[in-house]
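Here's the structure, in structure tokens; my notes come after.
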Protein chains: 2
Amino acid sequence: MSDPLRLGVVGLGRAFMLMLPTFAQHPLVRLTAASDPREEARRQFEADFSTPASAARSYETPEALCADPGVDVVYIASPHQFHVEHVRLAARAGKHILVEKPMALALADCRAMIQAARENGVHLLVGHSHSFDAPYLRATELIRSGEYGRPRMILAANFTDFLYRPRRPEELDTSQGGGVVFSQAAHQVDVVRLLAGSRISTVRAVTARLDPARPTEGAYQAFLTFSDGASAMLTYSGYGRYDTDEQLGWLGELGQKRDPSQYGSARRALAKIATPEEEAALKNKRAYGISTGGAGPFPVPAGHNHFGHVVVSCDKADLRPTAEGVHIYADERNWLDRLPVPVVPRSEVVDELYAAVRNGVPPLHSGEWGMATLEACLAILDSAASGREIDLGGSPAGV
Amino acid sequence: MSDPLRLGVVGLGRAFMLMLPTFAQHPLVRLTAASDPREEARRQFEADFSTPASAARSYETPEALCADPGVDVVYIASPHQFHVEHVRLAARAGKHILVEKPMALALADCRAMIQAARENGVHLLVGHSHSFDAPYLRATELIRSGEYGRPRMILAANFTDFLYRPRRPEELDTSQGGGVVFSQAAHQVDVVRLLAGSRISTVRAVTARLDPARPTEGAYQAFLTFSDGASAMLTYSGYGRYDTDEQLGWLGELGQKRDPSQYGSARRALAKIATPEEEAALKNKRAYGISTGGAGPFPVPAGHNHFGHVVVSCDKADLRPTAEGVHIYADERNWLDRLPVPVVPRSEVVDELYAAVRNGVPPLHSGEWGMATLEACLAILDSAASGREIDLGGSPAGV
């Protein structure tokens, strides 16, 4: 019988909000405890997730949360720069760990996190990243079946309004983990690595900073080669102009219906704001708390989570994961391998976490996996700065 | 008053067929003479283009054509490997020259062609390439206006059935100019160079040969950087699977309406053929001759010629040239800058040729221009073979 994971959350911010519908609805997990410096969020958490059988607990600090004996898994959704410290805390307390992407900002921190998990005998998973999304997992399954031959060339393009969503100041400072390379390449590289199925050999990239008022990378292009000969072209822009959701039937990144007539809304909302403090306050309104509620009901997804337009050219077919499934373009015909519309979004994260913790199934999105993705993201920044191709062929980070 | 160019055609093959609606309908050009080894084609040409005022002439050899005093401009549409010889012939005869892309297969040949034109005081233009297409010219005009800032990142993707159209054996042999790098990157690189507006600095690329029965490059990915800091990601596949015309409202490369239910038709037609000889014969059926007719009427285009999905991210807007015009994604709103549906397809080629020959306007698509595009195509092959980035920064080939 199922024995739901008892989840403790570090950080009731925007990342938690995006995972909330999953954790609140998935039968294999239960929101048990949380830590956050904001009292409002703590009170709301207790109110939303206490049941007649057990009271949800909340703490001011991650230390206190990790001391809670009723927590099996700690979900670390604090700002990027705190991940390494919070993973160490949780590992020492013997908790299994799900840490948000990007795993960290430096490879040394990733190594420390992997070592901390190993020494304490706990599982360490990195996510959510969009490589958990069912259409990419399904495309990978089709590729691994061998029916369509090997993946040879991958095209990945995502055009969003990322840079104009409300941000805290450090999210616009690359040295503190801001910008689209740390936050968005972490998804796109993850997706492409999953589909390619072998190690990254080389990275050549450029980045662009087009808006002096948002002085971090808002766009990039990256060319990756893989050890088995595949290659991938990644283009990302967060400048809120062309929108690749047009190529996905106007189903958005979270599987939600989009309204193309709302063009420019993120930029317009931001234009009404005068100071970085006001902007941070606006971001906080999108964090968990009284204004948001949290126990549901949650919107029913119209499709799957996705990360833009992706085409994988294999020896014998092109595969295009979409919000609805995987479109297969074979020699004679093309068809949509439709996936059922998900009831619980991002349920794949809990499925993988549960399989690891309860059944000992080695997770795909391990610490080593997350470290290899970070390594590629850092290589994108390096290549853009140096104008040179970065060779990762001899790197210790594996697939 | 207009004084139409009297055009002599070398080679009544497939390239000529694609330009025929232009030459037959554009008021500034008149099809006057042609050379082709096939008697059927010569007879048809005379029948189609003789008028009461003057008989159209046809010749077995390019030499004889170039000796015709009634020819102002020679259009060289012979197979790639003959371009250099035929350009030399025409230049020595004092004819202005339009030579099909790719201009040649080696830079030394390009230099020889440029020198021959210069020594004989004639204009040398290279095309048609899709960088002549009105939507790219319009996008370039918008970029040069400065209203949207500089071009920073270009995404270009084209997925077609190129490799499964009927071919002569040498078109499947890269050493003889076969494959998609010589034939199709010549378009895509040309388009991207036009939009970027500065010299190519570096080229990193991979190519793929996915079908042993068609043993040449059928796909490539190329990452270009430019001297003013822009970059471009090019993906091309000619394997007849995913089709980027889906992103262009099912208007095809020639501006024609496409029927997506005809999926796989090129491959199916080819599958009925047993030998390379049969295939070459099928290709010949698509050349000019009795079976095709040539004097019209010609289909009315539904849109403009194009070369797949292209997005140019500038400082202040994304521009997306399509078969209908240029879609502009600015900060506040997005709209289609619609271009009138062309009456004569590819009329831009004759416009540029006429302006050069009759009015002395230096052509955009000069010999130097064509040479720089070939240089990038050769760099794609070099980079794919060596696994290294190719530095073109110090190259003599200009924009």
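Brief remarks follow.
- Nonlocal amide H pairs with B:ILE390, under 5 Å, H built at 1.01 Å: B:VAL203, B:ARG204
- Cα centroid of the range B:127-160 to Cα centroid of the range A:124-193, whole Å: 28
- Dipole of the range B:210-349, positive direction: furthest Cα of B:ILE273, B:LEU251, B:PHE223, with charges on the beta-carbon: B:ILE273
- Value of relative contact order over the range A:294-399, rounded to a whole percent, pairs C-alpha under 8 Å and six or more apart: 16
- Rolled with a 1.4 Å probe across the full set of protein chains, the surface gives B:MET233 an accessible area near 0 Å².
- Cβ crowding within 10 Å averaged over residues, with A:366-375, A:108-117, B:357-366, A:217-226 ranked highest first: A:217-226, A:366-375, A:108-117, B:357-366
- Charged side chains reduced to their Cβ positions (Lys and Arg at +1, Asp and Glu at -1) give the protein assembly as shown a dipole of some 380 debye around its Cα centre.
- Each listed q (0.07, 0.09 Å⁻¹) maps to a log10 I(q)/I(0) for the protein assembly as shown from the Debye sum over equal C-alpha point scatterers, namely -0.56, -0.85.
- Net charge, B:GLU119 excluded, C-beta distance under 13 Å - Lys, Arg +1, Asp, Glu -1: +4
- Restricting attention to chain A, close to 55% of DSSP beta bridges with both partner residues there are antiparallel.
- With the label put 7 angstrom out from Cα along the Cα-to-Cβ vector, A:GLY70 ends up 10.0 nm from the copy partners, going from closest to farthest.
- Shielding of A:233-241 by partner chains, average beta-carbon count, 10 Å: 6
- Solvent exposure, largest accessible area first (probe 1.4 Å, DNA, RNA and ligands not counted), of B:TYR75, A:TYR354: A:TYR354, B:TYR75
- With DNA, RNA and ligands ignored, accessible area of B:GLU389 (1.4 Å probe; Å², nearest 10): 50
- An oblate overall shape is assigned to the range B:115-214, the ratio a/c of its alpha-carbon gyration tensor axes (a ≥ b ≥ c) being 1.5 or greater and a/b not exceeding b/c.
- For the range B:83-149, a crude dipole built from +1 on the beta carbon of Lys and Arg and -1 on the beta carbon of Asp and Glu, taken about the Cα centre, is about 220 debye to the nearest 20.
- Under a model in which nothing but the beta-carbon of Lys, Arg (+1) and Asp, Glu (-1) is charged, chain A shows a dipole of about 280 debye around its Cα centre.
- Amide H contacts under 5 Å for A:ARG57: A:ALA33, A:ALA34, restricted to partners 5 or more places along the chain or on a different chain, H placed in the peptide plane at 1.01 Å from N.
- Each Cα pair under 8 Å and six or more residues apart adds its sequence gap; the mean of these over the residue count of the range B:189-288 is a relative contact order of 17 percent.
- A label point on A:SER227, set 7 Å along the Cα-to-Cβ line, lies at 4.1 nm from each of its counterparts in the other copies, closest listed first.
- The value of relative contact order for chain A, using C-alpha pairs under 8 Å at least six residues apart, is 21 percent.
- Alpha-carbon centroid distance for the pair the range A:56-112 / the range A:334-399, whole angstrom: 19
- Estimated [θ] at 222 nm from DSSP helical runs (n ≥ 4, -39500 (n - 2.57)) normalised by residues in chain A, nearest 500: -9500 deg cm²/dmol
- In order along the range A:167-176, the Karplus-derived 3J(HN,Hα) couplings, from 6.51 cos²θ - 1.76 cosθ + 1.60 at θ = phi - 60°, round to 10, 7, x, 5, 6, 9, 10, 4, 5, 9 Hz, and Gly and Pro are given as x.
- For A:VAL74, the residues whose amide H sits under 5 Å from its own are A:GLY8, A:HIS96, A:ILE97, A:LEU98, ignoring neighbours fewer than 5 places away on the same chain, with H placed 1.01 Å from N.
- Leading residue at positive end of dipole, the range B:4-154 (Cβ point charges), from B:ALA104, B:PHE132, B:SER145: B:SER145
The values are calculated or read from the model by the stated rules, or taken from the named source; none is laboratory data. No experiment lies behind these values; they were computed from the predicted model shown. Positions of Cβ are backbone-derived with ideal geometry, glycine not excepted, and every protein chain shown enters the neighbour counts. Just so you know, the surface numbers come from the protein's heavy atoms only, side chains and all, with ligands and any DNA or RNA stripped out. Shrake-Rupley method; radii C 1.70, N 1.55, O 1.52, S 1.80 Å.
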